[in-house]
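> Here it is, the structure in full.
Derivation of every value follows stated rules applied to the coordinates shown; laboratory data play no part. Only a predicted model underlies this, so the values are computations on that prediction, with no experimental measurement involved. Don't worry about glycine lacking a Cβ; one is built from the backbone with ideal geometry, like all the others, and counts go over all protein chains shown.
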Amino acid sequence: MADIPFWQRKRLEEMSAAEWESLCDGCGLCCLTKLQDSDTGEVFYTDLSCPLMDTETCRCRNYEQRQELVPDCTRLTPENVREFDWLPTTCAYRTLAEGRPLPDWHPLRSGSPDTVHEAGISAAHRATPSNQVAVEVWQEHIIHWVL
C-alpha cells in the first residue's frame, strides 16, 4: 500500500494537514474574484485576484495571515470543500471529492510546480489585483477561460 499515493488511498478527511495542503496545484483560480448573478445564482470568474495573490506565481503573499487580512478569504477544509461548487473542475480538492483522478499536470503527479502553468490551467500572468480596479467595472473583467 505504501507505493499507492496518499491521494489515491485516503479520503480527504483522512489526510494529514501537510497532505491536504499539498493537494493545492497552485493554479490561483480560487483566489480570483467571482461575481454571482443575483437572479440566477450563476457564478462568473473575473481576471481580478485577491490583493494577496502573487499574479506571477499564483501563490499567496501572506498565506498564514490571509484570513485576518482578507476576511472573505475562503478556507477550504475536508469538511467544507464539497459545498463550494464554484471551484473549477480542475481543482484537486474538487477532483478528489468527486472521485476523479488527479490530472497528469498536477504537481503531485508531475513532480514539478510549473506543470500547472505550462498546461495553461493557472491564472499566472493573467490576473490583476482587485484593489487596482474600481468595483463599478468588475463586470467588464468576467472571463471564460476558467475550466
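> If a residue must be assigned to a helix (DSSP H, G or I), of a type in the set (Gly, Ala, Ser) and free of Cβ contacts under 8 Å to residues at least 40 places away in the same chain, how many such residues does region 1-53 contain?
2
> Condition first: in contact (Cβ under 8 Å) with a residue 60 or more places away in the chain and not hydroxyl-bearing (Ser, Thr, Tyr). Now tell me which residues in region 54-85 satisfy that.
Within region 54-85, 56, 58, 78, 79, 81 meet the criteria.
> Can you confirm whether region 122-132 contains a residue that is outside any loop (DSSP other than H, G, I, E, B), out of contact with any strand residue (DSSP E or B) (no Cβ under 9 Å at 6 or more places or on another chain) and surrounded by 14 or more Cβ atoms within 10 Å (Cβ to Cβ)?
no
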